[in-house]
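K.L.:
Please see the structure below; I have some questions.
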Amino acid sequence: MILHNKNGAWTLNVSGPRGADTGNLVSWTLTFTNPGTAIPTCDCNGNGVSDSVDISQGTSTDCNSNGTPDECDIASGAPDCDGGPTGNPTAGGNIINTFCFGCHGPDGFGVNCGGGSCPGPVLRNKTRTTISNKLLPPTDHPGGAFPGFTPQDFADIETFLNDTGHPPARPDGIIDTCQTLPDCDNDGTKDGCEFGAGTASDDNFDGIPDNCQAVLTGACCNSGGCTVVTASACGTAGGSYQGDNTLCSPNPCPPANNNCANALPIADGATPFSTVNATTDGPDEPGACTKFSDTQVNQDIWFVYTASCTGELTLSTCNAANYDTKIAVYEGTQCPATSGTALACRDDVAGCSGNTTTLDVPVVQGNSYLIRVGGYASASGTGTLTLTCNAFECVNNGQCDDSDPCTADTCENNVCVFTPIDTDNDGTPDCSDGCPNDPNKTAPGQCGCGVADTDTDNDGTADCNDGCPNDPNKIAPGQCGCGVADTDTDSDGTADCNDGCPNDPNKIAPGICGCGVADTDSDNDGTADCDDGCPADPLKIAPGNCGCGVVDTAATGDMDGIGGPDGADIQLFTEAVIGLSTDPVDLCPGDFSANGVMDFADVPGMVTALLSVP
């Protein structure tokens with residue numbers, strides 16, 4: 001009997017056919033063999049317990065009854081983006097600041113967060129599950145873990161650590177399809193999933209998309225003053241949101257000129273002001289501004305004033321403010337950084353009700369001054385600041401000398417007039433003009449005063465310094481002159497325009513042998529090797545009859561070179577003639593006709609040579 005693929009408990013019945021012989025079964029044996037591999041136990045969550053046991057014992061849930069624990073379905077992509085509590089970032093920040101010093105370990109995304117940097121960037125924008133897994137219980141980390149974290153606590157911390165600009169998804173470990181979850185706009189996507197995707201906002205952290213509620217707005221303070229917008233719009237604009245349903249009247253924001261760096265321009269006459277909600281950013285001013293040991297100009301705002309006259313400037317809040325005012329004036333527009341640098345400062349003045357102020361300070365026409373308006377102690381309020389420039393009455397020009405080299409100082413109709421000196425009438429005063437006598441330049445530039453920095457070829461070098469003012473590729477003639485590139489193809493130091501062999505780095509002229517071939521004369525006979533048939537023989541430029549290295553003397557008939565012509569040479573001569581030899585060995589002694597070949601024309605000479613032998 002063979003059973004296939006039967007995993008689990010078996011029941012085996014043993015019986016015989018009806019009507020068969022009867023008897024007693026003494027013994028029997030049942031043998032199991034397994035020809036294949038064991039079927040593995042399903043344990044998708046890796047806890048050492050099979051999934052079916054996890055589900056049956058309630059260790060894992062299986063809300064969709066598919067035999068797989070829900071956490072494994074979620075890990076495989078089953079939706080779980082909605083269902084958990086909505087976090088509040090303020091509550092999360094309180095938990096972090098109060099309990100969470102160094103309360104988590106390595107998270108696989110960065111180094112340990114500790115040493116006062118908790119929670120650090122390593123947990124930012126991680127899932128709620130990741131965050132909860134990294135917040136260690138007190139028994140594991142007695143240095144500061146928060147005991148008894150709840151799902152709401154984790155949600156609050158998660159929202160506090162979220163930098164994505166929209167609420168995070170809200171996983172709760174239960175597959176979304178197994179729950180009845182809110183979809184306030186009935187668009188088929190659960191609210192929490194819209195949060196996680198960034199397609200829904202939740203500015204008031206109530207878990208309901210803002211598009212399903214009345215739009216909540218409040219006062220937003222920024223550099224432009226106060227506006228009523230949503231919290232998200234205020235954050236996008238870099239403002240400070242004052243809370244839902246707050247208004248701009250009364251204004252909850254500090255004045256626009258609250259800080260010295262944002263001083264507002266002010267002119268002669270009356271200017272309304274407010275120091276309500278202002279902060280203090282200027283230094284102490286001991287001396288005239290001290291009142292009951294208070295040396296500070298508190299809750300200050302700032303103006304910048306350009307003097308309309310030379311004389312005395314009167315600044316006044318006298319009987320024109322609803323609080324105890326202080327006024328200080330500083331020379332220039334550089335915000336003061338140290339105490340005691342004010343030109344003048346004053347608190348109360350006799351005859352001004354409500355502890356208001358007047359202040360006189362000398363000024364010079366055209367110069368700039370910072371004006372600081374604040375209050376005594378914590379006093380702030382509203383009022384009107386009036387500026388009056390009282391011109392000094394002069395009699396002669398000498399009384400108007402302000403030691404400023406930039407102006408011509410004259411007395412006109414008993415009023416000092418300071419006229420900027422502009423010799424070349426180019427609109428730039430001489431003291432700021434690098435070329436005070438050149439109406440076309442205010443700086444020397446490349447060519448100096450009096451010479452235009454014209455760059456005809458637009459190569460960045462002015463014509464006055466450009467040796468090739470019409471050639472954008474050259475500022476000097478170089479080897480080839482303007483308009484011709486000094487290209488040196490063979491890099492031999494001679495530009496192609498002057499190189500007779502521009503591709504031969506060893507020659508700049510063809511010479512005897514031409515480009516690419518050296519004019520070498522190995523034997524120094526005055527004939528280059530390229531034209532010398534015997535480049536190693538200084539006596540010959542062609543092999544001749546006897547070849548290079550052998551002088552072409554007259555034929556002798558001594559074919560074997562032994563003792564002159566004799567009978568032994570007749571055989572060698574004959575063979576050479578019959579073979580029409582051109583071998584120098586034969587030609588040198590036997591070519592009597594000097595025609596370069598051994599032939600019958602040489603026979604008469606050979607006969608004569610033989611007969612001449614004594």
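The values are calculated or read from the model by the stated rules, or taken from the named source; none is laboratory data. Remember, it's a predicted structure, so these values are computed and weren't measured experimentally. Cβ placement follows ideal geometry from the backbone for every residue including glycine, while neighbour counts extend to all protein chains displayed. Heads up: the accessible areas ignore ligands, DNA and RNA and are worked out on the full protein's heavy atoms, side chains in. Shrake-Rupley method; radii C 1.70, N 1.55, O 1.52, S 1.80 Å.
K.L.:
So which of 351, 282 is open to solvent by less than 60 Å² (accessible area, probe 1.4 Å) and not in a strand (DSSP E or B)?
P.N.:
282
K.L.:
Given 207, 198, which one is within 30 Å of residue 61 (Cα to Cα) and open to solvent by less than 20 Å² (accessible area, probe 1.4 Å)?
P.N.:
Just a single option satisfies the conditions, and that option is 207.
K.L.:
Could you list, ordered by first residue, the pairs with Cβ atoms under 6 Å in which the first is in segment 204-218 and assigned to a helix (DSSP H, G or I) and the second is small (Gly, Ala, Ser) and surrounded by 15 or more Cβ atoms within 10 Å (Cβ to Cβ), at least 6 apart or interchain?
P.N.:
210/201
K.L.:
State which residue pairs qualify: first residue more than 12 Å from residue 42 (Cβ to Cβ) and open to solvent by 50 Å² or more (accessible area, probe 1.4 Å) and inside segment 59-75, second residue of a type in the set (Asp, Glu) and in a helix (DSSP H, G or I) in any location, beta carbons under 6 Å apart, and separation of 6 or more residues or different chains.
P.N.:
As it stands, the answer is 61/70; 63/70, since those pairs meet every condition given.
K.L.:
Check residue 265 against each of (1) outside any loop (DSSP other than H, G, I, E, B); (2) crowded, with 17+ Cβ neighbours inside 10 Å and name the one condition it does not meet.
P.N.:
Unmet condition: (2).
K.L.:
Give 460, 483, 445 a once-over and let me know the one that is more than 37 Å from the chain's Cα centre (by Cα), on the phi > 0 side of the Ramachandran plot and assigned to a loop (DSSP other than H, G, I, E, B). Can you show your working first?
P.N.:
Numbers: 460 fails: more than 37 Å from the chain's Cα centre (by Cα); 445 fails: more than 37 Å from the chain's Cα centre (by Cα).
Among 460, 483, 445, only 483 is more than 37 Å from the chain's Cα centre (by Cα), on the phi > 0 side of the Ramachandran plot and assigned to a loop (DSSP other than H, G, I, E, B).
K.L.:
Six or more apart or on different chains, Cβ under 6 Å: which pairs go from a residue in segment 472-501 that's hydroxyl-bearing (Ser, Thr, Tyr) to one that's open to solvent by 40 Å² or more (accessible area, probe 1.4 Å) and outside any loop (DSSP other than H, G, I, E, B)? Could you list them?
P.N.:
Within 6 Å, the pairs are 487/496; 489/496.
K.L.:
Still on this structure, I have one more. I'm trying to understand the selection: among the residues of segment 185-199, which are at pLDDT 80 or above and either part of a loop (DSSP other than H, G, I, E, B) or closer than 30 Å to residue 250 by Cβ (or both)?
P.N.:
185, 186, 187, 188, 189, 190, 199
K.L.:
Could I ask something else about it? Across segment 493-527, what is the total count of residues that are under 30 Å from residue 466 (Cα atoms) and buried (at least 17 other Cβ atoms within 10 Å of the Cβ)?
P.N.:
The number of residues fulfilling the criteria is 6.
K.L.:
Checking residue 317 against (1) within 12 Å of residue 383 (Cβ to Cβ); (2) surrounded by fewer than 20 Cβ atoms within 10 Å (Cβ to Cβ), which single condition isn't satisfied?
P.N.:
Status for residue 317: all satisfied but (2).
K.L.:
While we're on this one: Since residue 182 meets every condition but one in (1) within 30 Å of residue 70 (Cβ to Cβ); (2) part of a helix (DSSP H, G or I), which condition does it not meet?
P.N.:
For residue 182, the exception is condition (2).
K.L.:
Can you name the residue in segment 239-262 that is more than 25 Å from residue 375 (Cβ to Cβ) and buried (at least 16 other Cβ atoms within 10 Å of the Cβ) and is also modelled with the highest pLDDT among such residues?
P.N.:
241
K.L.:
Across segment 252-289, what is the number of residues that are closer than 20 Å to residue 379 by Cα, of a type outside the set (Gly, Ala, Ser) and over 41 Å from the mean Cα position of the chain (by Cα)?
P.N.:
Summing the residues that are closer than 20 Å to residue 379 by Cα, of a type outside the set (Gly, Ala, Ser) and over 41 Å from the mean Cα position of the chain (by Cα) in segment 252-289 gives 9.
K.L.:
Here are some residues: 217, 227, 236. Which one is surrounded by fewer than 15 Cβ atoms within 10 Å (Cβ to Cβ) and among the hydroxyl-bearing types (Ser, Thr, Tyr)?
P.N.:
None of the others qualify; the one that does is 236.
K.L.:
Of all the residues that make up segment 299-310, how many are open to solvent by 20 Å² or more (accessible area, probe 1.4 Å) and in a strand (DSSP E or B)?
P.N.:
Of the residues in that region, 3 qualify.
K.L.:
Only residues in segment 430-443 that are of a type in the set (Gly, Ala, Ser) count as the first member; pair them with residues that are part of a loop (DSSP other than H, G, I, E, B) and surrounded by 15 or more Cβ atoms within 10 Å (Cβ to Cβ), Cβ under 7 angstrom, at least 6 apart or cross-chain, and list the lot.
P.N.:
Going by the 7 Å Cβ cut-off, the qualifying pairs are 434/442; 443/435.
K.L.:
Just the residues that are surrounded by fewer than 16 Cβ atoms within 10 Å (Cβ to Cβ) and touching a Gly at 6+ places or on another chain (Cβ under 6 Å), please, taken from segment 369-390.
P.N.:
Across segment 369-390, the qualifying residue is only 390.
K.L.:
Separate question: Go through 537, 558, 531 for me and flag whichever is under 30 Å from residue 501 (Cα atoms) and touching a Pro at 6+ places or on another chain (Cβ under 9 Å).
P.N.:
Going through 537, 558, 531 in turn, just one is under 30 Å from residue 501 (Cα atoms) and touching a Pro at 6+ places or on another chain (Cβ under 9 Å): 537.
Yes/no matrix, rows are residues, columns are (1) modelled with pLDDT of 85 or more; (2) basic (Lys, Arg); (3) touching a helix residue (DSSP H, G or I) at 6+ places or on another chain (Cβ under 6 Å); (4) under 30 Å from residue 237 (Cβ atoms):
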site: 65; (1), (2), (3), (4): yes, no, no, no
site: 83; (1), (2), (3), (4): no, no, no, no
site: 94; (1), (2), (3), (4): no, no, no, yes
site: 103; (1), (2), (3), (4): no, no, no, no
site: 109; (1), (2), (3), (4): no, no, yes, no
site: 132; (1), (2), (3), (4): no, no, yes, no
site: 135; (1), (2), (3), (4): no, no, no, no
site: 158; (1), (2), (3), (4): no, no, yes, yes
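K.L.:
In segment 530-571, which residue that is in contact with a Ser or Thr (Cβ under 7 Å, 6 or more places away or on another chain) and among the aliphatic types (A, V, I, L, M) is modelled with the lowest pLDDT?
P.N.:
Selected residue: 541.
K.L.:
Separate question: Can you pull out every residue in segment 552-611 that is open to solvent by less than 70 Å² (accessible area, probe 1.4 Å) and in contact with a Cys (Cβ under 8 Å, 6 or more places away or on another chain)?
P.N.:
Selection gives 555, 584, 587, 588.
K.L.:
Can I ask one more? For the condition at pLDDT below 85, in contact with a Pro (Cβ under 8 Å, 6 or more places away or on another chain) and of a type outside the set (S, T, N, Q), what is the one hit in 202, 163?
P.N.:
202
K.L.:
Those residues that are under 20 Å from residue 543 (Cα atoms) and among the acidic types (Asp, Glu), I need them from segment 559-601; list them, please.
P.N.:
583, 586, 591, 599 - these are the residues of segment 559-601 that are under 20 Å from residue 543 (Cα atoms) and among the acidic types (Asp, Glu).
K.L.:
Identify the residue in segment 405-425 that is of a type outside the set (S, T, N, Q) and surrounded by fewer than 17 Cβ atoms within 10 Å (Cβ to Cβ) and, among all such residues, is nearest to residue 308 (Cα to Cα).
P.N.:
The qualifying residue nearest to residue 308 (Cα to Cα) is 415.
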